[in-house]
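Novice: This is the structure I have questions about; it appears just below.
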Amino acid sequence: VPAVALGTLATIVLFMFMQNWMMGVAAIAMYPVQIYLIPKIQRRINALQRQEVRAMRDISQRIGDVVSGGNEIHGHDTSQYELADCSQRLGTVFGFRVKMSSKRYIANVLNQVCSQITPFLFLSIGGYLVIVGRLSLGSLVAVLAAYKDMYSPWKDLIDYYQKSEDARVRFDQLAEFFARSSLFDKSMIETEPSGKEFRQAP
């Protein structure tokens with residue numbers, strides 16, 4: 001996906017620069033803004049995802065404690081307290097997901113705004129160049145038609161980046177969960193026994 005999207009995007013940008021270098025610059029003028037802002041938004045989403053995973057683990061651990069201590073809960077009549085505690089924990093997770101959805105929505109709005117500003121730059125700069133005679137009307141139309149195909153590979157790249165970051169965060173959380181300090185070294189199951197360990201006692 002990133003290879004095809006990058007190749008398509010590079011081909012379109014190269015075509016624009018071959019038509020007119022100013023039009024090529026206008027085509028990629030908003031990309032630095034997106035490249036700067038989208039990773040910052042994604043880092044906040046990653047932090048929220050880590051908090052959500054920890055909260056879900058706490059909930060699962062708490063549910064296990066409640067199931068194992070069901071007799072004590074009924075004996076002391078604290079079922080309403082346990083329900084309220086579970087509801088509060090689920091509300092916390094829901095809050096994390098709302099914040100993540102809001103951040104993703106901001107990133108999508110940013111992409112849409114930048115994609116709408118660039119055609120305005122095209123028409124402004126290209127119209128001026130056509131008026132002064134430094135660019136033909138046919139070249140301007142060709143560049144505008146090529147820019148229409150730029151949004152799809154750029155969106156594919158952004159989607160791939162966001163999905164890969166989500167997967168990386170989940171993998172890191174999973175690896176951290178299983179990387180306990182009390183575990184034995186993996187060399188104990190990878191190395192072949194020398195035979196001395198199994199020597200029979202006399």
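Novice: Determine how large the accessible area of Ser87 is when every protein chain is in place; take a 1.4 Å probe and give Å² rounded to the nearest 10.
Specialist: About 80 Å², rounded to the nearest 10.
Novice: Past the 15 angstrom mark, what percentage of all C-alpha to C-alpha distances in the range 86-143 do you count?
Specialist: That fraction is 66 percent.
Novice: Using only the alpha-carbon atoms, how far is helix 137-148 inclined from the longest principal axis of the chain? Give it as 0 to 90 degrees, nearest 10.
Specialist: 10 degrees
Novice: Any idea how far the Cα center of the range 156-177 sits from the one of the range 1-74, in Å?
Specialist: Between the Cα centre of the range 156-177 and that of the range 1-74, the gap is 8 Å.
Novice: As I understand it, the value is the acute angle between the Cα axis of helix 79-132 and the longest principal axis of the Cα atoms of the chain; what does it come to in degrees, rounded to 10?
Specialist: 20 degrees
Novice: With every protein chain left in place and a probe of 1.4 Å, what is the accessible surface of Phe177, to the nearest 10 Å²?
Specialist: Ignoring ligands and nucleic acids, Phe177 comes out at about 80 Å².
Novice: How far apart, in nm, are two points set 7 Å out from the Cα along the Cα-to-Cβ line at Phe178 and at Cys86?
Specialist: Going by the 7 Å Cα→Cβ label model, 2.9 nm.
Novice: Quick one: how many Å² of Arg43 are accessible to a 1.4 Å probe, rounded to 10?
Specialist: 140 Å²
Novice: Return one number: the angle in degrees, 0 to 90 and rounded to the nearest 10, between the long axis of the Cα atoms of helix 151-178 and the longest principal axis of the Cα atoms of the chain.
Specialist: 20 degrees
Novice: Further question: Put +1 on the Cβ of each Lys and Arg and -1 on the Cβ of each Asp and Glu in the chain; which of Ala167, Ile12, His76 then has its Cα farthest toward the positive end of the dipole?
Specialist: Ile12
Novice: If you build a Gaussian network model of the chain, linking Cα atoms that sit under 10 Å apart, which residue out of Ser139, Ser124, Ser187 swings the most?
Specialist: Ser187
Novice: Right, here's the next one. Out of every Cα-Cα pair in the chain, what percent are more than 23 Å apart?
Specialist: When all Cα pairs of the chain are counted, 66 percent exceed 23 Å.
Novice: Hey, another quick one. Have a look at Asp77, Asp166, Asp156 and tell me which one the Gaussian network model of the chain (Cα, springs below 10 Å) gives the largest fluctuation.
Specialist: Between Asp77, Asp166, Asp156, it is Asp77 that shows the largest mean-square fluctuation.
Novice: Please build a GNM for the chain, connecting alpha carbons under 10 Å apart, and tell me which residue among Ile131, Ile73, Ile189 fluctuates the most.
Specialist: Highest fluctuation among the options: Ile189.
Novice: Counting only helical runs of four or more DSSP H residues, what would the 222 nm mean residue ellipticity of the chain come to if each run contributes -39,500 (n - 2.57) and the total is spread over all its residues?
Specialist: -29000 deg cm²/dmol
Novice: Compute the label zone of Arg168 within the range 8-42: residues whose backbone N is under 16 Å from the point 7 Å along Cα-to-Cβ.
Specialist: Counting backbone N atoms under 16 Å from the label point, the list is 35-42.
The values are calculated or read from the model by the stated rules, or taken from the named source; none is laboratory data. Please read all numbers here as calculations on a predicted model, not as lab measurements. Here the Cβ is made from the backbone with ideal geometry for all residues, glycine too, and neighbour counts use every protein chain on show. Heads up: the accessible areas ignore ligands, DNA and RNA and are worked out on the full protein's heavy atoms, side chains in. Shrake-Rupley method; radii C 1.70, N 1.55, O 1.52, S 1.80 Å.
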